[in-house]
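Here the structure comes first, spelled out in structure tokens, and everything after it is commentary.
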Amino acid sequence: MCKTQLEEYFNKQRKQFTVPSSIVGSHFMKGVLEHVKTVAYGKTSTYGQIAVHLNTKAFQAIGQALHKNPLPFLIPCHRVLGKNNIGGYAFGLEMKKKILQLETDGFSF
């Protein structure tokens, strides 16, 4: 099921995953990852927007939670950017750029 959905995603035939999943981690990490799940295909959010949503100023902790994301496509941490930069990505910035380009038809940063 997951393999099929990933293939559909990379062929631009799927914008949302329906694979059952549960988030394990601290209350803070769960809050970050649950919020990131709401960032729609083709859209982005920022560390700051997540911080506002969670009523915190712990930007670095948000980045760490995203870096530990166990389900990178089901929980689309690649859609989270810095205020003035692309931000980080556990699989490298070039991969992040390619994924964002796939989703947005020409993302550039």
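When restricted to residues that are assigned to a helix (DSSP H, G or I), surrounded by fewer than 16 Cβ atoms within 10 Å (Cβ to Cβ) and without any contact (Cβ under 8 Å) to a residue 60 or more places away in the chain, segment 56-109 contains 9. Scanning segment 1-18 for residues that are touching a residue at least 12 places away in the same chain (Cβ under 8 Å), in a loop (DSSP other than H, G, I, E, B) and over 16 Å from the mean Cα position of the chain (by Cα) gives Met1, Lys12.
Scanning segment 11-37 for residues that are within 23 Å of Gly87 (Cα to Cα) and surrounded by 12 or more Cβ atoms within 10 Å (Cβ to Cβ) returns Ile23, Gly25, Phe28, Met29, Lys30, Gly31, Val32, Leu33, Glu34, His35, Val36, Lys37. Take the conditions (1) more than 22 Å from Met29 (Cβ to Cβ); (2) modelled with pLDDT of 90 or more; (3) among the charged types (D, E, K, R); Arg79 misses just one of them, which is (1).
Beta carbons closer than 6 Å, at least 6 apart along the sequence or on distinct chains, pair a first residue in segment 28-55 that is more than 17 Å from His67 (Cα to Cα) with a second that is at pLDDT below 95 and in a helix (DSSP H, G or I) for Tyr41/Glu103; Gly42/Glu103; Gly42/Thr104.
All conditions in (1) touching a helix residue (DSSP H, G or I) at 6+ places or on another chain (Cβ under 8 Å); (2) crowded, with 16+ Cβ neighbours inside 10 Å hold for Gln5, with the sole exception of (1). Within segment 39-55, the set of residues being in contact with a Gly (Cβ under 8 Å, 6 or more places away or on another chain) and in a strand (DSSP E or B) comprises Thr46 only.
The values are calculated or read from the model by the stated rules, or taken from the named source; none is laboratory data. The shown structure was predicted, so the numbers you read here are calculated from the model rather than taken from an experiment. Note that we place each Cβ from the backbone using ideal geometry, even for glycine, and neighbour counts take in every protein chain shown.
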